[in-house]
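Written below as structure tokens is the structure these notes are about.
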Amino acid sequence: MKSVYKISLLVCLAILVSSCHDKSQPNYQYMPNMYEGVSYETYSESGAFKNGKEGQLPVAGTINRGYEVYEYPNTTAGLEAARSSLKSPLDSTAVDMNNAKQLYEIYCGICHGNAGDGKGKLVTQGKFLGVPSYKDRPITEGSVFHVQTYGLNSMGSYANQLNTHERWLVSAYVMKLKNGN
């Protein structure tokens with residue numbers, strides 16, 4: 001009889017334990033934020049910023065890191081001003097002509113030709129027409145730098161491909177080609 005009581009007690013205890021478990025609700029969690037992170041809707045309002053809608057704006061008068069100010073506008077007057085007054089900040093010892101030649105041949109030679117005669121591969125194939133020879137043009141280092149920065153006519157800007165120092169190197173090399181050295 002004692003064994004029947006023991007068996008019935010164990011069965012009742014097992015039923016009691018299994019009946020308390022509800023599979024539709026999770027068990028207790030020690031740190032629920034670790035398991036169930038807060039989800040954010042893309043492009044939704046956020047309390048992280050002052051106005052709740054957009055990111056913080058930079059302080060007035062600040063400049064992005066690595067950005068160099070170029071005060072000549074992208075106009076014909078800006079080109080003329082650059083032609084007459086813009087000078088290279090590089091001295092003659094800082095210009096590495098081998099590096100300048102390599103940059104010129106990569107970015108400019110395809111249209112302007114490696115000799116600067118306006119007969120690059122794309123011109124000889126008829127893809128572009130009217131690419132000028134440097135010897136026929138009234139150019140200065142400043143105007144070449146300005147045209148590389150903003151582009152002119154069918155030539156686009158190279159400001160994203162060449163940094164400021166590299167554009168000055170190419171300008172020095174173009175002047176070397178113009179002078180026939």
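The values are calculated or read from the model by the stated rules, or taken from the named source; none is laboratory data. Bear in mind that the values here come from a model prediction, so they are computed numbers and not experimental data. Neighbour counts run over all protein chains shown; Cβ positions are idealised from the backbone, glycine included. Quick note on the areas: whole protein, heavy atoms, side chains included, nothing else; ligands and nucleic acids left out. Shrake-Rupley method; radii C 1.70, N 1.55, O 1.52, S 1.80 Å.
Mind ranking 111-121, 139-149 by how tightly packed they are, going by the mean number of other C-beta atoms within 10 angstrom, highest first?
Values: 111-121: 17.9, 139-149: 21.6.
Ranking, from highest mean packing down: 139-149, 111-121.
When Rg/Rh (Cα atoms, Kirkwood Rh) is calculated for this entry, the matching label among (i) 0.93; (ii) 1.57; (iii) 0.96 is (ii).
Per-atom-type breakdown for the chain gives carbon and sulfur 55% of the accessible area (1.4 Å probe, protein chains only). In this structure the chain gives 77 Å² per residue of accessible area when probed at 1.4 Å with all protein chains present. Scoring 90-103, 61-74 by mean Cβ neighbours within 10 Å over their residues and listing the highest first yields 90-103, 61-74.
Partner aspartates and glutamates whose Cα lies under 12 Å from the Cα of Lys87, excluding those fewer than 8 positions away in the same chain, are identified as Glu141.
Using a cutoff of 8 angstrom between alpha carbon atoms and counting only pairs six or more residues apart, the relative contact order for the chain works out to 18 percent.
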